[in-house]
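Peer 1: Starting off with a structure, shown below.
Laboratory data are not the source of any read-out in this text; all were calculated from the coordinates shown. Note that the structure is predicted; figures quoted are calculated from it, not measured. Because the Cβ atoms are built from the backbone with ideal geometry, glycine has one as well, and the counts that use them run over all protein chains shown.
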Amino acid sequence: MRLIRPFAVAAAAVSMLALAGCSLDLQNPNAPTEEQVTTSPDGVIALATGLQGRFATSYFNYAYMAGLVTDEFAATSAALISISDAEQGAVPSGTGIADNVFNSIYRTVRTADDLLNGANALGAQFDAGTKSGLQVLAYMLKAEALGEAIQSYQKLPIKTFGETAPAYVTRAQALPYVRALLDSAVTILAATPPSAFFTTSILTPGVSLTNTLNLLRARYARMAGDDATALAAVNLVARTGTAALSVLTFPAPSVNPYANVTGGTNGIAVRRQWRLSMLPEDRRFQYFVVPSTTLSGRVGALLDPWNRYANPTAPLPVYLPDEALLIKAEALANQNQLSAAQAVLDSVRTDCTGGRGLDDPKACLPALTAPLTQAQLLTEIYTQRRYELLGTGLRWEDARRRGAVRGPFAAPGVPTDAQRCWLPYAVGDRNANPNATFAALPDPAEPSAFPASCPVQ
């Protein structure tokens, strides 16, 4: 992520916050204390730049794991055994790649809380637009980080700031909290637009706050079954122009995390079956992968190497634009507005020429030839989500919503949908939080029969 030069201490500042509670006798000038960071304007701005880097890490760790435990990704031949185990549905408690999901999410949440606290406390030292931008950024990235947790865990902590033993709540309790964070951000953004300084010197280039907020509002409203709000929010997401696509950028020496793990012991690639399961005329694979006839994974999976993210500086979409249309189609179908839903779905299927000016997957498929029933429409919507939203982590929640978790599989078999329901809880939090011990919070039991609807609380 881009860091502005005056605030090159951002990474050190954010890292230091993760160690709050430790006491050192010597003061490192390049590692300011939490108090120094949150009580000075420069420190707060450093937090804002660091938060965006933190979010990129948490987003990738979540999406990476979600791809492994679904039918999207597989481990390359050099990958660690724990990664190849995950692609078969085996993620034991304490596995590093699983704990990384929790740890990176809650580092993002902690940094967002610190940013919000600092921006509010020092509000008089910022102009109104810079303060509002900092607040909106904190609310938005905290909400999305917790949204990643909702899609990974059966229960999760949502209120952690100042808490020594955060309580774990159900997903049903967490969703309204996340949605409220996003609504707060939208309210602040509408009341006081961010300053030019915030948008040019703090916010990552390529990110539209308005579009991202409304897309996330639509995503989590749809997840909560609130189709009316999902429709209202998604209709506010711009579909053309430079603001229609929000991306994370990685100028050197920063590296796109997908490009960073395509080789070596963390290696992942896309299962060839993802491409081969498409209709022959579907062109979306060209956006994501390079077709291969020779590449195979650690446990026999046939793989296609990345195309889109092979370059270390390739931008990473915060969301893929047609997610908005697919959310809209699903919400309309659920409301029995079938012809309208089918028209929206066809706009995804027939996107081919790039006339919308967006760098996004393009199916170039013909329109559906006959009216579909509600059940047929929903099936087709989830099919299009599979091919349109590769690598976003959303495939896992889609499988749960459809009751299509198929369970562990034996290599070199080809998985379908998802291999497990949830991740185990992080060992680090179990060791530190009395509300997260094995006795207080046992790991969710995975189903014994498949396909399964994952138990939710």
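Peer 1: What is the range 184-276's relative contact order, in percent, from Cα pairs under 8 angstrom and six or more apart in sequence? Intermediate values should be presented prior to the final figure.
Peer 2: Values: 64 pairs, mean separation 24.1, N = 93.
Reported relative contact order: 26 percent.
Peer 1: Sticking with this one: Filter the chain for me: DSSP H helices, axial length by Cα at least 24 angstrom, mean Kyte-Doolittle hydropathy not below -0.5. List them by residue number. Before the final figure, lay out each step's value.
Peer 2: On the way: long enough: 41-68 (41 Å, 0.44); 96-121 (37 Å, -0.11); 128-150 (33 Å, 0.54); 171-191 (30 Å, 0.88).
Passing helices, by number: 41-68, 96-121, 128-150, 171-191.
Peer 1: Okay, next question. How much of the DSSP beta bridge set in the chain is antiparallel, as a percent to the nearest 5?
Peer 2: Details: 15 of 17 bridges.
Just about 90 percent of them are antiparallel.
Peer 1: If you don't mind, there's one more thing I want to ask. Pull out the extension gain between T373 and N260, defined as 0.36 nm times the separation in residues minus the alpha carbon to alpha carbon distance; nm, one decimal. Could you put the intermediate results ahead of the total?
Peer 2: On the way: separation 113, 0.36 × 113 = 40.68 nm, distance 4.34 nm.
Contour length minus the Cα-Cα distance gives 36.3 nm.
Peer 1: With mean projected area of the Cα convex hull in nm² as the read-out, I listed (i) 23.1; (ii) 26.6; (iii) 21.5; which label goes with the value calculated from this structure?
Peer 2: Structure-derived value, by its label: (iii).
Peer 1: Work out how much length F197 to T313 would gain on full extension: take 0.36 nm times their residue separation and subtract the Cα-Cα distance, in nm to one decimal.
Peer 2: Numbers: separation 116, 0.36 × 116 = 41.76 nm, distance 2.46 nm.
Between F197 and T313, full extension yields 39.3 nm more.
Peer 1: In terms of the Cα gyration tensor, with a ≥ b ≥ c the square roots of its eigenvalues, is the range 235-370 rounded because a/c is under 1.5, prolate because a/b exceeds b/c, or oblate? Walk me through the numbers on the way to the answer.
Peer 2: On the way: a/c = 2.34, a/b = 1.45, b/c = 1.61.
Verdict is oblate for the range 235-370.
Peer 1: Please work out how much length the chain gains when fully extended from A224 to T353, using 0.36 nm per residue of separation minus the C-alpha to C-alpha distance, in nm with one decimal.
Peer 2: On the way: separation 129, 0.36 × 129 = 46.44 nm, distance 3.42 nm.
This chain segment gains 43.0 nm when fully extended.
Peer 1: With the crude spin-label approximation of a point 7 Å out along Cα→Cβ, what separation in nm comes out for S292 versus Q457?
Peer 2: 4.0 nm
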